[in-house]
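The structure appears below as structure tokens.
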Amino acid sequence: MDKNERKLIWEKTDGKCYYCGKNLNIKWHVDHIEPVMRSPYTKEMHKPQNDNFENKVPSCPRCNRWKHSQSLEGFRFDIQNLITRLNRDFSQYRMAKDFGLITETEKEVVFHFENKESGYVSILTDNEKRYIKKALMYGIDFSGNHNERQALKNAITKLRL
Ligand SMILES: [Zn+2]
């Protein structure tokens, strides 16, 4: 990947992790929202069609590793499931909880790019956000209705994708 493309990917969020929103340091990764599914042996991409600029976002190494070859919704589910895993696997966690040191919530996992306060997607209308989300989940469908197409095009322009 050339330096210019890396710079443009960084600018998508002004140097914040696309998922958790932390400031990126020099070791930031380029993540594919829709995974390219690399072979563990040859590193060859099973889905090279996902290796395009629209699909590449800046990520901290931690989110990149956690997401691995999962879809966005798979990654969200993984994080959503953390409290269940902590309760199942760690007696220290259960002890701390039973003594009131930890309060669990049922908050939904919201990624940085979906967060209104991030300033990153707040430039989008609710419609544009809805269609962007749909596109992230199911792929961009330009054969859909006119409103959807227009909203997606507007969103892509606004996000400088
Ligand atoms: Zn992150």
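List of remarks:
- Table column - 3J(HN,Hα) (Hz), the range 84-92, Karplus curve with 6.51, -1.76, 1.60, x for Gly and Pro: 4, 5, 4, 5, 6, 9, 10, 5, 4
- Annotation: amide H-H contacts under 5 Å for residue 31 (H modelled 1.01 Å from N, sequence separation of 5 or more, or interchain): 57, 59.
- Prolate/oblate/rounded label for the range 1-79 (Cα gyration tensor, a/c 1.5): oblate
- Rg and Dmax, both from the Cα atoms of the chain and both in Å, are 17.8, 56.
- Expressed in units of 2.2 N^0.38 Å, where N is the residue count, the Cα radius of gyration of the range 18-60 is 1.27.
- Subtracting the Cα-Cα distance of residue 137 and residue 150 from 0.36 nm times their residue separation leaves 2.9 nm of extension gain.
- Within the chain, the longest run free of exposed loop sites, counting GluC sites (Glu not before Pro) that sit outside DSSP helix and strand states (H, G, I, E, B) and have at most 14 other Cβ atoms within 10 Å, spans 45-103.
- 0 to 90° range, to nearest 10: angle between helix 126-138 axis and the chain longest Cα axis: 80 degrees
- Applying the criteria of a DSSP loop state and at most 12 other Cβ atoms within 10 Å to the trypsin sites (Lys or Arg not before Pro) of the range 32-89 yields 43.
- Ignoring the sites themselves, the chain has its longest run without chymotrypsin sites (Phe, Trp or Tyr not before Pro) in a DSSP loop having at most 16 other Cβ atoms within 10 Å at 42-89.
- Placing pseudo-labels 7 Å out from each Cα toward the beta carbon at residue 3 and residue 20 gives an inter-label distance of 2.9 nm.
- For the chain, built as a Gaussian network whose Cα springs stay under 10 Å, the top-fluctuating residue of 95, 45, 137: 95
- J(HN,Hα) series, the range 101-114, from Karplus relation 6.51 cos²θ - 1.76 cosθ + 1.60, nearest Hz, glycine and proline x: 7, 10, 10, 8, 10, 10, 4, 7, 6, 10, 7, 3, 5, 9
- The chain, relative contact order in percent, only Cα pairs under 8 angstrom and at least six apart counted: 22 percent
Every number here is computed from the coordinates shown, using simple stated rules; none is lab data. Model, not experiment: these values are computed from the prediction. Please note: Cβ atoms are built from the backbone with ideal geometry, for glycine as well, and neighbour counts cover all protein chains shown.
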